[in-house]
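Read through the structure below, which is laid out as structure tokens, and then see the notes.
The values are calculated or read from the model by the stated rules, or taken from the named source; none is laboratory data. Here the structure is a predicted model, which means the values were calculated and not measured. Cβ placement follows ideal geometry from the backbone for every residue including glycine, while neighbour counts extend to all protein chains displayed. Keep in mind that these areas ignore ligands, DNA and RNA; they rest on the heavy atoms of the full protein, side chains included. Shrake-Rupley method; radii C 1.70, N 1.55, O 1.52, S 1.80 Å.
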Amino acid sequence: MPIRTASARWEGNLTEGSGTVKTGKGGYQGNYSFKSRFEEGEGTNPEELIAAAHAGCFSMAFSKGLADAGFTPTSVETTAKVHLDKGDAGFGVTRIDLETVGDVPGIDDAKFQELAEGAKENCPISKLLKPGAEISLNAKLA
């Protein structure tokens, strides 16, 4: 399997500095700063990038699980909300809320929920994050 890369450059101090992040193959490049991470400033931040990775990974894993069970999804749309909280040991990602809507012809809600839960537990990004963060799931049929 290929090794995936991304890079970041930061210039200046923490609160007044700024940086850029980019993926190895050039699919994404963006700015980030203290304000985009801890306030509501322009640009991205590490937690937002984790959310994008988790939403993408979950959607792919869920689509595979659906197909393996005999259901061809028309679409799976997932939003991940990453919670960065300050605790006694400093800042940490404490929770990720996955919200997904699937357009899956012929499936009942019970099977949909079962397969969604399986994807939540088994997608590689969930496996990476769940030792340190609670992962919740709200799955709905379109």
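Taking label positions 7 Å along the Cα-Cβ direction at both SER136 and SER7, the computed distance is 3.9 nm, reported to one decimal. In the chain, excluding the sites themselves, the longest stretch lacking any of the trypsin sites (Lys or Arg not before Pro) that are in a DSSP loop with at most 11 other Cβ atoms within 10 Å is 26-142.
Write out the GluC sites (Glu not before Pro) in the stretch 1-51 meeting two conditions: DSSP loop, and at most 11 other Cβ atoms within 10 Å of their Cβ.
Qualifying residues, ordered by number: GLU16, GLU39, GLU40, GLU42.
A simple spin-label model places pseudo-atoms 7 Å from Cα toward Cβ; at LEU128 and LEU14 they are separated by 2.4 nm.
In terms of overall dimensions, the stretch 76-142 has a Cα radius of gyration and Dmax of 13.8, 48 angstrom.
Taking only C-alpha pairs under 8 Å that are 6+ residues apart, what is the relative contact order of the chain in percent?
Relative CO of the chain lands at 18 percent.
By the helix-only formula, in which each DSSP H run with n ≥ 4 contributes -39500 (n - 2.57) and the sum is divided by residues, the chain has a 222 nm mean residue ellipticity of -10500 deg cm²/dmol. With all protein chains kept in place, the per residue accessible area of the chain amounts to 63 square angstrom at a probe of 1.4 angstrom. Between the stretch 43-65 and the stretch 75-94, the alpha-carbon centres lie 12 Å apart. Convex hull volume of the Cα atoms of the chain, normalised per residue: 136 Å³.
Per atom type, the chain shows carbon and sulfur on 52% of its accessible surface, probed at 1.4 Å.
Suppose the chain between LYS22 and ASP109 were pulled fully straight at 0.36 nm per residue; how much longer would it get relative to their current alpha carbon spacing?
My answer for the length gained is 27.4 nm.
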